[in-house]
Amino acid sequence: MADHVNLERRRQAIYGWLLLAPAGILLTTFAFYPSLSTFWSSLFSRGTRRRPSEFVGGENYADLFADPTFWKVVTNNLLYAGVTIPVSIAIALSMALWANSKIPARGFVRTAYFTPTVLPMIAAANLWLFFYTPGLGVLDQIGSLFGLPSVNWLGQPETALWAVIIVTIWKEAGFFMIFYLAALQTIPEDLKEAADIEGASRWTYTRRIVLPLLMPTTLFIMVNALINSVKLIDHLFILTKGGPNDASKLILYYIWEMAFAFFDAPHAAAMTIMVLVVLGVVAAIKFSYLDKRTHYQ
Amino acid sequence: MSMPNAFVHVDKVAKRWNGQLGVEDISLSIPRGSFVALLGPSGCGKSTTLRLLSGLELPDEGQITIDGKDVTLAAPSDRNLSMVFQSYALFPHLSVAENVVFGLKVRKVGAAERQEKLKRSLEITGLLGYEDRKPGELSGGQRQRVALARAIVANQPLCLMDEPLSNLDAKLRASVRKDIKKLQIDLGITVVYVTHDQTEAMSMADMVVLMKDGHIQQTGTPEELYYEPANTFVAEFVGAPPMALIDGKALPGFGDAETIGLRAENVHVADAGTGRLTCQVSECEFLGSETFIGLSHPAANGLTVSMPGLKHIPSGQDIEIAFADEDLHFFDTAGKRLARQGGARAI
């Protein structure tokens with residue numbers, strides 16, 4: 001009897017591990033191992049033919065903290081995230097609320113909003129390059145109609161980052177709108193009716209009922225937008241290449257440059273680890289603090 | 001139909017969707033403080049009628065007045081009414097207390113008064129102690145009571161209920177039915193109650209409005225619907241088991257009556273050779289205190305005889321039945337009640 005129970009238990013355990021195995025193997029190969037190996041290599045100096053790589057501890061990190069370009073890039077990325085996340089969420093929400101109401105040509109409106117999402121980032125960047133080009137670009141053409149001087153949006157440090165920010169918002173808002181639209185459709189129609197009977201205005205209903213019920217979606221979008229603000233740099237390659245004078249350089253672009261243009265893998269690894277840590281902290285806040293204050297249906 | 005002091009007055013109201021029938025020619029007078037049930041099979045237009053009263057839908061034709069005020073095209077919140085939804089429509093992210101006072105807050109009622117009204121309505125519905133729970137943490141019956149508490153908290157004189165018991169189990173339904181009826185009498189409010197369950201309508205309502213295909217079939221007290229059905233639809237809808245309908249030709253001697261109606265309790269089994277109809281037993285339904293014996297007869301539909309206690313008669317067996325003439329109901333070719341002999345039992 002006891003033997004039989006033990007066998008059964010072991011069988012269950014093996015079954016469980018087998019189910020875990022695919023995810024475990026994939027995550028280990030492509031996430032855990034690379035992260036650890038990156039962390040390990042960030043602790044070594046850059047090896048040259050003359051001076052082989054040696055263990056330097058936190059020296060690579062110290063170098064970065066002393067590097068003004070690093071701080072410039074961090075500031076750029078904070079501004080980039082601080083503007084693109086709230087603005088694209090606000091636009092996505094208002095578009096979704098509008099596209100969810102009974103308007104004519106609703107299908108067309110939704111498709112139109114979603115189109116930027118379908119475009120690859122590189123294509124979108126090329127499109128905007130045409131908008132921004134001094135003299136020939138659409139923006140300048142329109143400006144010249146009103147007698148405004150030509151502006152090199154991408155070519156001057158004051159406007160380059162903002163020009164990149166606008167492209168990102170344009171690209172992301174439609175994508176986030178789809179999530180909001182889906183969430184709006186799960187809110188039962190009779191909640192609106194109950195609010196109508198009580199005499200709640202459209203604004204009161206939106207603020208007291210719709211927005212709280214959309215909170216899980218907003219959280220999800222916020223995390224995605226935050227990841228994208230670090231991850232999405234394709235358009236930099238087309239639009240500005242981080243310039244002029246690092247004015248529009250974002251952290252991942254700098255990591256790429258460090259690793260593949262300056263061939264300084266250890267410093268790139270150190271920066272990667274710092275990005276991982278920051279994103280990990282934000283995710284932890286999301287899952288522990290904000291989740292508890294959000295109503296899930 | 002047109003009572004001068006009616007609290008809610010509906011006059012020839014129609015609502016159509018893309019030319020399709022919603023409801024047509026609805027006229028109703030609801031006295032103040034009464035309990036009115038809108039009864040009918042699904043798709044008959046009873047919910048549409050309720051939504052027209054609430055203002056969630058606007059009529060294409062006709063006029064609605066509430067408390068002497070023409071509200072035909074008024075917004076729901078301008079009609080001084082509350083509503084209990086079939087799904088309860090509770091706000092899932094708000095606590096019980098917040099759900100109940102939502103409307104008071106919207107109407108800018110002061111905090112002290114709000115608290116007092118909240119406490120009173122929770123007391124009435126037996127929800128004290130549940131103030132901070134979310135709807136998701138309550139049972140179905142408790143959620144239903146939150147919906148009731150929200151409906152009564154503002155003291156609106158008119159309360160509309162859209163199948164409020166249909167999501168409860170049978171046992172709970174019976175007890176909540178009594179609670180709602182008691183609430184309505186204690187508060188002196190007027191209730192319009194939509195249901196497809198005739199037991200609910202018959203046991204709670206002062207006035208039942210039976211509908212079919214967007215038209216009112218009969219308006220009257222439960223007794224009137226039961227003892228004087230206006231047509232064969234009402235006869236077959238009201239009562240359990242429903243009234244049996246017999247082809248007029250099978251029972252000669254009643255003039256031009258096309259169809260003759262007969263209730264199970266008025267039928268009794270007769271000795272062989274003395275019965276008025278000979279039928280075959282088709283099934284026996286044991287209900288504890290009595291057994292319904294279903295009978296088949298080529299000229300009759302739904303004939304049933306009720307016998308006390310447990311009876312088991314093999315199906316296929318011939319049985320003779322008898323009944324008194326004054327228990328018969330007569331309907332013409334169109335199915336309309338013929339206002340003459342029999343059936344008109346003194347009420």
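For the range B:124-157, enumerate the residues that are more than 11 Å from chain A (Cβ to nearest Cβ) and within 15 Å of B:Gln184 (Cα to Cα).
First, the residues of the range B:124-157 that are more than 11 Å from chain A (Cβ to nearest Cβ): B:124-133, B:137-146, B:148-149, B:152, B:155, B:157.
The answer is B:Ile124, B:Thr125, B:Arg145, B:Leu148, B:Ala149, B:Ile152, B:Asn155, B:Pro157.
Say we look at the range B:86-97 and pick out the residues that are more than 18 Å from A:Leu214 (Cα to Cα) and open to solvent by 10 Å² or more (accessible area, probe 1.4 Å); which of these is farthest from the other protein chains (Cβ to nearest Cβ)?
Looking at the filtered set, the residue picked out is B:Ala97.
Return yes when B:Ala37 is within 14 Å of chain A (Cβ to nearest Cβ), within 25 Å of A:Glu198 (Cβ to Cβ) and either in contact with a Ser or Thr (Cβ under 9 Å, 6 or more places away or on another chain) or surrounded by fewer than 21 Cβ atoms within 10 Å (Cβ to Cβ) (or both) and no when it is not.
Numbers: within 14 Å of chain A (Cβ to nearest Cβ): no; within 25 Å of A:Glu198 (Cβ to Cβ): yes; either in contact with a Ser or Thr (Cβ under 9 Å, 6 or more places away or on another chain) or surrounded by fewer than 21 Cβ atoms within 10 Å (Cβ to Cβ) (or both): yes.
Considered against the rule, which asks whether it is within 14 Å of chain A (Cβ to nearest Cβ), within 25 Å of A:Glu198 (Cβ to Cβ) and either in contact with a Ser or Thr (Cβ under 9 Å, 6 or more places away or on another chain) or surrounded by fewer than 21 Cβ atoms within 10 Å (Cβ to Cβ) (or both), B:Ala37 comes out as no.
Against the condition buried (at least 16 other Cβ atoms within 10 Å of the Cβ), of a type in the set (Asp, Glu), in the same structural domain as B:Glu200 (by TED's automatic domain parsing) and in contact with a helix residue (DSSP H, G or I) (Cβ under 9 Å, 6 or more places away or on another chain), how does B:Asp162 come out, does it pass?
Criteria met by B:Asp162.
Does the range A:188-197 include one or more residues that are surrounded by 14 or more Cβ atoms within 10 Å (Cβ to Cβ) and over 30 Å from B:Pro157 (Cβ atoms)?
Within the range A:188-197, none of the residues are surrounded by 14 or more Cβ atoms within 10 Å (Cβ to Cβ) and over 30 Å from B:Pro157 (Cβ atoms).
Looking only at the range A:44-92, count every residue that is touching a strand residue (DSSP E or B) at 6+ places or on another chain (Cβ under 9 Å) and open to solvent by 80 Å² or more (accessible area, probe 1.4 Å) and tell me the total.
2
With A:Glu158, A:Glu198 as the choices, which residue is over 22 Å from A:Leu64 (Cβ atoms) and within 14 Å of chain B (Cβ to nearest Cβ)?
That would be A:Glu198, the only listed residue that is over 22 Å from A:Leu64 (Cβ atoms) and within 14 Å of chain B (Cβ to nearest Cβ).
Pull up the range A:256-272, narrow it to residues that are among the hydrophobic types (A, V, I, L, M, F, W, C) and open to solvent by 20 Å² or more (accessible area, probe 1.4 Å), then point me to the one that is nearest to A:Leu36 (Cα to Cα). Talk me through it step by step, then tell me what you get.
Residues of the range A:256-272 among the hydrophobic types (A, V, I, L, M, F, W, C): A:256, A:258-263, A:265, A:268-271.
Remaining after also requiring open to solvent by 20 Å² or more (accessible area, probe 1.4 Å): A:256, A:259-263, A:265.
Numbers: A:Trp256: 19, A:Ala259: 17, A:Phe260: 20, A:Ala261: 23, A:Phe262: 23, A:Phe263: 20, A:Ala265: 15 Å.
Top of the filtered list is A:Ala265.
Residues checked against (1) surrounded by fewer than 18 Cβ atoms within 10 Å (Cβ to Cβ); (2) touching a residue at least 40 places away in the same chain (Cβ under 8 Å); (3) outside the structural domain of B:Ala170 (by TED's automatic domain parsing); (4) touching a Ser or Thr at 6+ places or on another chain (Cβ under 9 Å):
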position	(1), (2), (3), (4)
B:Val194	no, yes, no, yes
B:Ser203	yes, no, no, no
B:Asp206	yes, yes, no, yes
B:Lys212	no, yes, no, no
B:Gly220	yes, no, no, no
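What tally of residues in the range A:110-132 results from selecting those that are in contact (Cβ under 8 Å) with a residue 12 or more places away in the chain and surrounded by 13 or more Cβ atoms within 10 Å (Cβ to Cβ)?
13
If I ask for residues that are facing chain B (nearest Cβ under 9 Å) and buried (at least 19 other Cβ atoms within 10 Å of the Cβ), which ones from the range A:209-219 would you list?
Selection gives A:Ile209, A:Leu213.
State all residues of the range B:43-64 that are more than 14 Å from chain A (Cβ to nearest Cβ), more than 17 Å from the chain's Cα centre (by Cα) and either closer than 15 Å to A:Ile197 by Cβ or crowded, with 21+ Cβ neighbours inside 10 Å (or both); if no residue qualifies, say none. So that I can check it myself, show each step before the final result.
Filtering the range B:43-64 down to residues more than 14 Å from chain A (Cβ to nearest Cβ) leaves B:43-46, B:49, B:59-64.
Narrowing further to those that are more than 17 Å from the chain's Cα centre (by Cα): B:59-64.
Answer for the range B:43-64, where residues must be more than 14 Å from chain A (Cβ to nearest Cβ), more than 17 Å from the chain's Cα centre (by Cα) and either closer than 15 Å to A:Ile197 by Cβ or crowded, with 21+ Cβ neighbours inside 10 Å (or both): B:Pro59, B:Ile64.
The values are calculated or read from the model by the stated rules, or taken from the named source; none is laboratory data. Nothing here was measured: the structure is a model prediction, and the numbers come from that model. Backbone-built Cβ (ideal geometry, glycine too); neighbour counts: all protein chains shown. Just the protein is used for accessible areas: all its heavy atoms, side chains included, with ligands, DNA and RNA removed. Shrake-Rupley method; radii C 1.70, N 1.55, O 1.52, S 1.80 Å.
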